[in-house]
1. Considering only MET244, MET129, MET200, give the residue with the highest GNM mean-square fluctuation for the chain, with springs between Cα atoms whenever their separation is below 10 Å.
2. What is the log10 of I(q)/I(0) for the chain, computed with the Debye formula using one identical point scatterer on each Cα and no solvent, at q = 0.11, 0.12, 0.16 Å⁻¹?
3. 7 Å from Cα along Cα→Cβ at both GLU186 and ARG94: what's the point-to-point distance in nm?
4. Over the chain, what is the mean sequence separation of C-alpha contacts under 8 Å (at least six apart), divided by residue count, expressed as relative contact order in percent?
5. Counting Lys and Arg as +1 and Asp and Glu as -1, what is the net charge of the other residues whose Cβ lies under 14 Å from the Cβ of ILE208?
6. Taking the Cβ of VAL177 as the center, what net charge do the other residues with Cβ under 9 Å away carry, scoring Lys and Arg +1 and Asp and Glu -1?
7. Are there any trypsin sites (Lys or Arg not before Pro) in the range 83-131 that are in a DSSP loop and have at most 14 other Cβ atoms within 10 Å? List them by number.
8. Where does the chain land at 222 nm, in deg cm²/dmol rounded to the nearest 500, when only DSSP H runs of n ≥ 4 count, each adding -39500 (n - 2.57), divided by all residues?
Amino acid sequence: MSLTDIALDAMGSDDAPGPEIRGAILACRAYPVRVHLIGPEAKLRAGLGVLGRRVPIEIVHTDEWITMEDKAAKAVREKRNSTMRLGLKMVKERRAAGFVSAGNTGAAMASAKMVLGALPGVERPALAMPLPTTTGSPCVLLDVGANVDCNVRNLAQFAIMGEMYARSVFKIEKPRVGLLSIGEEETKGNDLTREALQVMKQLPIRFIGNVEGRDLYSGNADVIVCDGFVGNVALKTSEGLARMVRDMLRESLMSTVSGRAGALLARRGFKEFKKRLDQSEYGGAPLLGVRGPCIIGHGSSDDRAILNGIRVAAEFAASGVTNRIEREFSASPVS
């Protein structure tokens, strides 16, 4: 079986390179992938140890990486051998099928646009984050932070890219696309959403109109579109709420369950509940609209988040969604 090559920024996460090394090992054991760890060779080899010799992991050496404290634009210009830039260059040169980073989001987006370039017709790439829903099928929210200020054309393009992503990666035959607003009525919202609503009604997608914040997790929509400011606030609020619910449930179970058998069942139930809420299961947010798979994870990504980021990058590459978006935009009324 041939292996899919994935370039991984080994110095991106808050606790790098530990989660990246462990996540890469897990991914190579679970999926037909070869991971290219990009970072300082001595540190990565020490972290890999004996386990790293038993899996298809290769090291790409560099002593340069972009930190969370770096100003994105300045770092992208000055750190020409950064882990991000080298990984994206591998994708551009087809030495890797996809790139994964849990590093500085602004720098990752800027690097991707600089190295890979945007697809023809795409004005602004967008970050698309899959969210868990009560139906078990994910809801794709975009944009979740790549573009703080958007115009109507941007939102219309996000709708087309999000619909294509949901169809290609999550195999949803006719994704329901909604526009995030403060009410379902067409008169609700601000000038941007009201104008965007009329434009999106004309798109060749299954547009269901305005949706509200509660629909992010209801399963009533498969794709929800908004500007990056609103999307990022919604995402971070959701993460905080999920953490609070998880912690409160654990405390309640520990204080009310008695007996060994009951405790065991409670632990199993809690693990399943935690897994359904855990956004790390989706591995990060793909940057839609650039020439190649680029997955951007959270700075707090752990081993499992890195594992799933690698999986998502491989699935994204196999789906051919980049080529499909390019073809769609060549005939799109908003291209």
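Bear in mind that the values in this text are calculations on the coordinates, not laboratory data. Please read all numbers here as calculations on a predicted model, not as lab measurements. Cβ: placed from backbone, ideal geometry, glycine included. Neighbour counts: every protein chain shown.
1. MET244
2. -0.71, -0.84, -1.33
3. Distance between label points: 4.7 nm.
4. Numbers: 691 pairs, mean separation 77.7, N = 335.
This gives 23 percent for the chain.
5. Details: positive: LYS174, ARG176, LYS201, ARG206; negative: GLU163, GLU184, GLU185, GLU186, GLU212, ASP215, ASP222.
Combined, the nearby Lys, Arg, Asp and Glu give -3.
6. Details: positive: ARG176, ARG206; negative: GLU163, ASP222.
Cβ neighbours under 9 Å give a net charge of 0.
7. Values: sites: ARG85, LYS89, LYS92, ARG94, ARG95, LYS113; in loops: ARG94, ARG95.
Passing both the DSSP loop test and the Cβ count: ARG94, ARG95.
8. Details: 11 runs with 151 residues, N = 335.
Rounded to the nearest 500, the figure is -14500 deg cm²/dmol.
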